[in-house]
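The values are calculated or read from the model by the stated rules, or taken from the named source; none is laboratory data. Predicted model, so just to flag it, every value in this text is computed and none were measured. Methodologically, a virtual Cβ is constructed for each residue, glycine included, from the backbone with ideal geometry; neighbour enumeration extends over all protein chains shown. Ligands, DNA and RNA are stripped out before the accessible areas are found, and what is left, the full protein with its side chains, is counted by its heavy atoms. Shrake-Rupley method; radii C 1.70, N 1.55, O 1.52, S 1.80 Å.
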Amino acid sequence: MKVNCGALRLADAGSHVELNGWMNRRRDHGGLIFVDVRDRDGVTQIVFDPKHPSFALAETLRHEDVLRVRGAVRRRPAGTENAKIETGEVEVAADELEVLSRSLVPPFQVNLDEDVDENLRMQYRYLDLRRPRMQRNLTIRHKIVKAIRDFFDSRNFLEIETPLLVKSTPEGAREYLVPSRIHPGSFYALPQSPQILKQILMIAGFGRYMQIARCMRDEDLRADRQPEFTQLDVEMSFVSQDDVLEIMESAMIFVWQQALGIPAPGPFPRYRHEEVLARYGTDKPDLRFGLELVDVKETFRATEFKVFRDQAESRGGAVIAVRYPGGATLSRRDFDGLTELAKQLGAKGLVWIALASDGVKSPVSKFLSDADVAAVAGALAAQTGDALLLFADERARALDVSGRMRNEIGSRCNLRDPGRFAFAWVTDFPLFEVDPDTGKPAPAHHPFTAPNDDQWELLESDPLAMRAQHYDLVLNGFELGSGSIRIHKPDFQRKIFAMLGMSDEEIEERFGFFIRALDYGAPPHGGMALGIDRIAMLAAGEENLREVIAFPKTQVARDLMMDAPTPVPERLLRDLSLKSTAPPPKD
Ligand code: ASP
């Protein structure tokens, strides 16, 4: 009987089995050889007896050799059981051993989850993936994706594939381009998301679409980005924002139950964009802890402390306060360090007030009345022993810095429970935000997002005041994804493109096919996309997307195992009517 390496239990004692797997560990003692054989399923202990013909071969086994063993399952002698593994009560007495492949000495230990140089892991990814952590992570990922498919199937969604070779219609990020050989000088783009195609599927009458979709964005990489990633992509017809939120929330609750076996974390709280910024200084708050921010500028309208009074008197100014639990015991040097950090985060400075048991301490205490301190402490529900950190600045910046400082305090005070999953919705985003490069309004989500129904008249007069039917799902301080109710009237879609500075010709050239589709009876529709990599990362308790992607790219978008990207021979470029202007690669 062929069995997996994690399968055998006491009840199997007496049966004769075959195991196939990798040599995980070998111990020679007491004249016997013990070999742990490993596969995805687990580890089983094999015992070789010196009297047996395969003993000599067993002596030659090295880490990561591939074996086939046959033998009888038996109870381990009393006192030698291993409670840490599921097969720990039994062992297999070998009577046949075959070495199916030999392995070179691996560059790192595969049988332990110890820290290994990141580049080495990527270069020998096949060995890295054999390690318990990666086997566990990719299993969790599989379960998540399966639960997603099961859920959407049960709600009458169809999974429909959209192409990878599409028209270049940048959605914000830079696109990957693919030169066409048969249309010299023309290019396909790889999709940043199936956005337009899923909307067209609604026009095509499919009503409820989902896809586990690969997306590509040629961005400068950050710790939590990969150039290609996987989204749960969803679109629905004849729905309101609440309908989309209900489906996505139920999906996440189902996934958590199915894939992690964790009680449902819902219902998810909902925050308006403005509110979430005011309370947490970010639109992706980590809600596993409190420490809400408070604008205390009203307290300082008449203060002698000019830094605060200036902000209190200015319309756009703010004095944002955040509590540091137990912070009164920090030393002056600690506070100097925090001030330095605040400056790196973009603050002009930081005012701290320590509510020490022997009195209030602060570098600006001579300007602060007892009533001022009591008012701020009261607003933050602070107690003796806490410190108060205050940031005076233009409101958006003060909130941003305080939000980051809140996260920092969360880390320093260990306020994040790793077993908790704090989901939240953020709604009512602005339709446009000012693009820092051009100074002009740009879509906060994408140009297909509908504003609130009553706001079209603001499009010319005050576009930045328009609110959108755009929502984000947030988990533990990460944005899992965004979605919106879409514009389904062709005239309105044209108006938005025009407002973004596109000429009629440009609209026709880039989006003509889409507007034409809208012209033929488009149902009202909306949807969302969630990052599967991020969901898997958070569900697996990992801190980097690379830990839940089988073959990820490095920070600089390289695949170290395949060694990609690489230059290609001139001949291939000629076929594509391309000529490289890059300097020849250095060897
Ligand atoms: N296409 C959007 C994105 O990839 C999601 C959506 O609006 O459905 O972010």
Out of everything in the range 6-21 that is in a strand (DSSP E or B) and within 37 Å of the chain's Cα centre (by Cα), what residue ends up being farthest from residue 131 (Cα to Cα)?
20
Failed item in (1) touching a Lys or Arg at 6+ places or on another chain (Cβ under 6 Å); (2) open to solvent by 60 Å² or more (accessible area, probe 1.4 Å); (3) within 15 Å of the ligand (Cβ to nearest atom), with residue 225 passing the rest
(1)
Condition first: over 18 Å from residue 296 (Cβ atoms) and open to solvent by less than 40 Å² (accessible area, probe 1.4 Å). Now tell me which residues in the range 342-390 satisfy that.
346, 356, 359, 385
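Go through the range 22-102 and tell me which strands (runs of 3 or more DSSP E), entirely inside it, have 3 or more residues that are over 23 Å from residue 130 (Cβ atoms). Spell out the reasoning first.
Details: elements: 32-39, 42-48, 66-75, 90-101.
Fully inside the range 22-102 and qualifying: 66-75, 90-101.
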What residue, of 234, 239, is within 14 Å of the ligand (Cβ to nearest atom), β-branched (Val, Ile, Thr) and in contact with a His (Cβ under 9 Å, 6 or more places away or on another chain)?
239
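Quick test for you: out of 200, 148, 144, pick the one residue that is within 16 Å of the ligand (Cβ to nearest atom) and under 24 Å from the mean Cα position of the chain (by Cα).
Numbers: 200 fails: under 24 Å from the mean Cα position of the chain (by Cα); 144 fails: within 16 Å of the ligand (Cβ to nearest atom).
Of the residues listed, the single one that is within 16 Å of the ligand (Cβ to nearest atom) and under 24 Å from the mean Cα position of the chain (by Cα) is 148.
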Pick out the one residue from 349, 419 that is in a loop (DSSP other than H, G, I, E, B), closer than 25 Å to residue 287 by Cα and of a type outside the set (A, V, I, L, M).
419
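Could you count how many residues in the range 497-522 are small (Gly, Ala, Ser), free of Cβ contacts under 8 Å to residues at least 40 places away in the same chain and over 20 Å from residue 463 (Cβ atoms)? Lay out the reasoning, then the answer.
The initial filter retains those residues of the range 497-522 that are small (Gly, Ala, Ser), namely 498, 501, 503, 512, 517, 521-522.
Right, trim to free of Cβ contacts under 8 Å to residues at least 40 places away in the same chain and you get 498, 503, 512.
Filter once more, so that each one left must be over 20 Å from residue 463 (Cβ atoms): 512.
Qualifying residue count, the range 497-522: 1.
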Hey, among the residues in the range 438-451 that are free of Cβ contacts under 8 Å to residues at least 24 places away in the same chain and in a loop (DSSP other than H, G, I, E, B), which one's surrounded by the fewest Cβ atoms within 10 Å (Cβ to Cβ)?
439
In the range 41-71, the residues that are open to solvent by 40 Å² or more (accessible area, probe 1.4 Å), in contact with a Gly (Cβ under 8 Å, 6 or more places away or on another chain) and in contact (Cβ under 8 Å) with a residue 24 or more places away in the chain
41
Condition first: open to solvent by 50 Å² or more (accessible area, probe 1.4 Å) and in contact with a helix residue (DSSP H, G or I) (Cβ under 8 Å, 6 or more places away or on another chain). Can you find one or more residues in the range 278-295 that meet it?
yes
Kindly establish whether residue 242 is surrounded by fewer than 21 Cβ atoms within 10 Å (Cβ to Cβ) and among the acidic types (Asp, Glu).
yes
Give me the pairs: first residue in the range 125-150 and free of Cβ contacts under 8 Å to residues at least 60 places away in the same chain, second residue among the β-branched types (Val, Ile, Thr), beta-carbon distance under 6 Å, and six or more apart or on different chains, which are they?
131/110
Could you pull out the residue among 508, 543 that is open to solvent by 40 Å² or more (accessible area, probe 1.4 Å), within 26 Å of residue 407 (Cβ to Cβ) and away from the ligand (no atom under 16 Å from the Cβ)?
543
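Restricting to the range 422-437, and then to whatever is assigned to a loop (DSSP other than H, G, I, E, B) and either aromatic (Phe, Trp, Tyr) or closer than 13 Å to residue 469 by Cα (or both), can you tell me which residue is most open to solvent (accessible area, probe 1.4 Å)?
Residue satisfying both the conditions and the ranking: 428.
In the range 314-335, what residues are of a type outside the set (A, V, I, L, M, F, W, C) and more than 33 Å from the chain's Cα centre (by Cα)?
Narrowing the range 314-335 to residues of a type outside the set (A, V, I, L, M, F, W, C): 314-317, 323-327, 329, 331-334.
Listed by number, the residues that qualify are 314, 315, 316, 317, 329, 331, 332, 333.
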Checking the structure you have, find out if any residue of the range 191-201 is without any contact (Cβ under 8 Å) to a residue 40 or more places away in the chain, polar (S, T, N, Q) and surrounded by 14 or more Cβ atoms within 10 Å (Cβ to Cβ).
yes
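Tell me whether the range 169-180 contains one or more residues that are away from the ligand (no atom under 14 Å from the Cβ), open to solvent by less than 20 Å² (accessible area, probe 1.4 Å) and within 21 Å of the chain's Cα centre (by Cα). Don't jump to the end; show me each part of the working.
The first filter runs over the range 169-180 and keeps only residues away from the ligand (no atom under 14 Å from the Cβ), leaving 174, 176-180.
Remaining after also requiring open to solvent by less than 20 Å² (accessible area, probe 1.4 Å): 180.
With the extra rule that they be within 21 Å of the chain's Cα centre (by Cα), the set shrinks to none.
No - not one qualifying residue is present in the range 169-180.
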Which residue out of 528, 562 is closer than 30 Å to residue 478 by Cα and not small (Gly, Ala, Ser)?
528
Is it the case that the range 481-499 has a residue that's part of a loop (DSSP other than H, G, I, E, B), closer than 22 Å to residue 220 by Cβ and open to solvent by less than 70 Å² (accessible area, probe 1.4 Å)?
no
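Regarding the range 117-140, can at least one residue be identified that is within 16 Å of the ligand (Cβ to nearest atom), β-branched (Val, Ile, Thr), open to solvent by less than 60 Å² (accessible area, probe 1.4 Å) and in contact with a helix residue (DSSP H, G or I) (Cβ under 9 Å, 6 or more places away or on another chain)? Don't jump to the end; show me each part of the working.
Taking the range 117-140 as the starting set, the residues that turn out to be within 16 Å of the ligand (Cβ to nearest atom) are none.
Looking through the range 117-140, none of the residues is within 16 Å of the ligand (Cβ to nearest atom), β-branched (Val, Ile, Thr), open to solvent by less than 60 Å² (accessible area, probe 1.4 Å) and in contact with a helix residue (DSSP H, G or I) (Cβ under 9 Å, 6 or more places away or on another chain).
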